[in-house]
1. Would you confirm whether or not region B:353-373 contains a residue that is away from chain A (no Cβ under 14 Å), of a type in the set (A, V, I, L, M), in a strand (DSSP E or B) and touching a residue at least 24 places away in the same chain (Cβ under 8 Å)?
2. Hey, among the residues in region A:364-385 that are in a strand (DSSP E or B), within 14 Å of another protein chain (Cβ to nearest Cβ) and more than 18 Å from the chain's Cα centre (by Cα), which one's nearest to B:VAL393 (Cα to Cα)?
3. Is at least one residue of region A:338-354 assigned by TED's automatic domain parsing to the domain that holds A:ILE391, part of a loop (DSSP other than H, G, I, E, B), crowded, with 24+ Cβ neighbours inside 10 Å and among the hydroxyl-bearing types (Ser, Thr, Tyr)?
4. Having 3 or more residues that are more than 30 Å from B:MET1 (Cβ to Cβ), within 13 Å of chain A (Cβ to nearest Cβ) and of a type in the set (Ser, Thr, Tyr) is the bar; report the strands (runs of 3 or more DSSP E) wholly within region B:92-196 that clear it.
5. Condition first: crowded, with 17+ Cβ neighbours inside 10 Å and out of contact with any Gly (no Cβ under 7 Å at 6 or more places or on another chain). Now tell me which residues in region A:433-450 satisfy that.
6. Can you spot a residue in region A:196-212 that is within 29 Å of B:VAL428 (Cα to Cα), in contact with a Cys (Cβ under 9 Å, 6 or more places away or on another chain) and crowded, with 22+ Cβ neighbours inside 10 Å?
7. Say whether the condition of being closer than 22 Å to A:PHE347 by Cβ and within 12 Å of another protein chain (Cβ to nearest Cβ) is met by at least one residue in region A:415-430.
Amino acid sequence: MPDIQSIGEQLATILKKQRADYVEAHLEENHVTSINYRGRQLESAGKSASTGGNVRALVKGGWGFVSFNDLDDLEKKVALAVRQARFVGKEKSQLAECPAAVATIRPAIKEDPQKVPLHAKKQLLDEYNETVWRTAGIQTSMIGYGDSHRKTLFINSQGSFISQERADVTMRVVAIAAKDGQVQQAGLSTGSRDDFAPMRHLHKDVDELAQRAVDILSAPVIKGGQYTVVLDPILAGVFVHEAFGHLSESDFVYENDQLRELMTLGKTFGAPILNIVDGAAIPALRGSYEYDDEGVPASRTYLIREGKLVGRLHSRETAAKMGEQPTGNARAINYRHPPIVRMTNTFIEPGKTTFDEMISGIKEGVYAKNWYGGTTSMEMFTFSSGETYMIRNGKVAEIVRPVVLTGNVFNTLMNIDAIGDDLEMNQGGGCGKGGQSPLPVSNGSPHIRIQNCLVGGK
Amino acid sequence: MEEILDRAMKAADEAEVFIASTEETPVQFESNRLKHIQNKQSKVITLRIIKNGRIGYATTTRLDGYEELIDGAVATAEFGQKAEFAFPTRRRFPTIGIYDPAVKKVSLEQMAALGEEMIAAVTAESPGIMCEAGVTKAACEFSMFNSCGGKAGYQQTVFGLGVEGQLVRGTDMLFVGDHTSSCHPVLDTKEIIATVIRHLELAKRQAAVSSGSMPVIFTPEGFASAMVMPLVTAFNGKTVLDGASPIGNRLGQQVFDPKLTLRDDATIPFRPGSRPCDDEGVPCRKTDLITGGTVSHFIYDLQTAGRAGTKSTGNGRRGPGGLPSPSINALVFDGGSITFDDMVKGIKEGLVVEQLMGAGQGNILGGDFSGNVLLGFKIENGEIVGRVKDTMVSGNVYQLLKDIAAIGSDSKWVGGSLRTPSFCFSNVSVASR
């Protein structure tokens, strides 16, 4: 099979011949290794290789898209995408200006995950699994490890030809404790970009999570209601992603007049201490890259500055239709999907409050740490902790069962009244949208305090 | 395909090749108008081998040169789990209609017209609403071969139709929607439109709810979003084998309300969850999971059944090209005799939950759920009085299903592989601001 570089060169010629307002193609080679444990033993180890591509065409504002992993008959596939776009298009195509780029981006790989032998990965995972099982009260464990190496080519009818490569590693360790028909779990998610090393030396974290699963089993369920809640950097990162990040993706907004009005730049969303940033141009994180999947250079975008809405995330189409600058946020999880507006590395900038100051005035509150999940409907959102304690009289007190928290973007951000000085980025997450999941992203925040946050419970 | 099997057999003791080809054409509407047409073609080949008693596997989309595939499977077999099963020999499969050539023949014009029809009806009812709609046709072909002489293959068509509307008033956002799917073309949009319009009507007014314990009706969609995931996990033979299923050692015992009956059924004609055999070539069937409140059976693939000392229930399904794992074909809850309206009439103060957001984020294994009511309504004196917001509903699936106040006669398909009626519980925890 010819390599994707030479197929890309053929495609570049084909794309320029099309009668369409714009045509682009993606080609991709992907190699994945996965290792899964369930219980005491390794359940599966597997390797997969995939090659494929897609063509996306724009005619009079309508899009056609064809994806495939058979790389023959490319002219026909391009023609089908153009035909589909022509069927749809009835208005004027709008795409923000973007200079054509010809670039080859090689990753700065430190310890290449693909070069770590399978038996060495297995030995490390064996150690983590044994660490979980050493804890008294553990019923079972699950470990999911995966690494991938992805090479992509982007070619468009405006002369861009961009080759990029990246390596990703993710790992999730879950300890499950059971007693008297009750089952509880605790988990750790971690990830890394272009380096296997951060997967090592997690023995202490794994040991703690196993103990936590056992502790949670005998912990009480909190009473549902409104509390003053302090979030640790990991959960606050999930919070900023769900509570505000998705709302700043302009494909939700650009063709909806009411939402455009609601999201007018300059509108106040939080107190002056609140600053929120997204950017793929911040190097070496899971959401980092040089060019997005429309060939637009990555940037760093303030979404909220001093409490006010100052920016949003764009594709070329949403930027053009809103009369704003493209931000390089069009991403596709793989060649089977067209690029859509996505987050990259999203975080709350650090403030000045120390953790002790933050909890000192709280008579009864909740300290929620670690994440389990999160989701949003734009206005209302939920996110769940992996580890939770009561705060009593200014001190972290007894452990309780993990909680699901909910909020409403129009008042919860306003209720953030303290921002810590201890920013941390979490590399363990993946984001889902429009059937494309999990997309590598990172989230982060310092500790934050939210007044009147709704917590589910008994 | 025989060539891969022959070459794999030079390096392995047993081998199996599984090939899945799909072609899917989604027609998508955004902001009330046609926006995208896509055509997605894919073909994935999975090789599973047994070598020195251990399982190895690899997948590829490359249609030439199988060396990498075979090398990958051999490399992983060194560490793979001990095989506790034999590949099936040649079997007879039930005949189940799941292929309708009419699906492929539905034209892009017809698909676009269906989307326009749904959007026109919803925007006429509620000016200012912004709709997304999707009309999708798909055809899949599966085939498998193994070194024990087993051989299986079938084709399936799926047609899907759905609309979602978003209504923004000030800072208030309302989401309504419905979708349906079948192995036949779905050319009638009436039911979807009726559901969406009913929800828009009910949501015109808002209602306040106080925190506390109260009667809650979960509609089929509400029940699916809140309570089904823990059950799917608990009835999975793997969870049972790990000792992590709360009902794993309760086979034959009365764990649930006697009114509750649940089965997995792959034999219902022209449903997307139906198929003659699973992804390992084991014939598909009906499996009773809960009979009158009693735990009847769990679901298994070959390896999990081998380890548990039982037989595969024909529930082996491969993820995106990976190893098979026990997975639901189609879950069917038996309906009751009371209508939804009569259920509402019997409640003095309570809630109807139509969509619970984030319920899958809690301790699913233990059966706990907690979520934000994305779409739900307040009941006062036997009537729905308005939409509730900023409200959380929490509970434990095992505690609630022990004592069901009523089961509705309104069973419907939610997505391709779940059929359920409405359920009413007397005491559910509600927190509101």
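The values are calculated or read from the model by the stated rules, or taken from the named source; none is laboratory data. In this text the structure is predicted, and so the values were computed from the model without any measurement. Glycine also receives a Cβ, built like all others from the backbone with ideal geometry; neighbour counts cover every protein chain displayed.
1. For region B:353-373, residues away from chain A (no Cβ under 14 Å), of a type in the set (A, V, I, L, M), in a strand (DSSP E or B) and touching a residue at least 24 places away in the same chain (Cβ under 8 Å): absent.
2. Within region A:364-385, the match that is nearest to B:VAL393 (Cα to Cα) is A:MET380.
3. The answer is yes, given that some residue of region A:338-354 is assigned by TED's automatic domain parsing to the domain that holds A:ILE391, part of a loop (DSSP other than H, G, I, E, B), crowded, with 24+ Cβ neighbours inside 10 Å and among the hydroxyl-bearing types (Ser, Thr, Tyr).
4. Because the criterion is at least 3 residues that are more than 30 Å from B:MET1 (Cβ to Cβ), within 13 Å of chain A (Cβ to nearest Cβ) and of a type in the set (Ser, Thr, Tyr), no strands (runs of 3 or more DSSP E) in region B:92-196 meet it.
5. The answer is A:LYS433, A:GLN436, A:ARG449, A:ILE450.
6. No, because not a single residue in region A:196-212 is within 29 Å of B:VAL428 (Cα to Cα), in contact with a Cys (Cβ under 9 Å, 6 or more places away or on another chain) and crowded, with 22+ Cβ neighbours inside 10 Å.
7. Yes, because at least one residue in region A:415-430 is closer than 22 Å to A:PHE347 by Cβ and within 12 Å of another protein chain (Cβ to nearest Cβ).
Let's see how each residue does on (1) within 14 Å of chain A (Cβ to nearest Cβ); (2) in contact with an Asp or Glu (Cβ under 9 Å, 6 or more places away or on another chain); (3) under 23 Å from B:GLY273 (Cα atoms):
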| site | (1), (2), (3) |
| --- | --- |
| B:VAL385 | no, no, no |
| B:GLY395 | yes, yes, no |
| B:ILE404 | no, yes, no |
| B:ILE407 | no, yes, no |
| B:GLY415 | yes, no, yes |
| B:LEU418 | no, no, yes |
| B:CYS424 | no, no, no |
| B:VAL428 | yes, no, no |
| B:ARG433 | yes, yes, no |
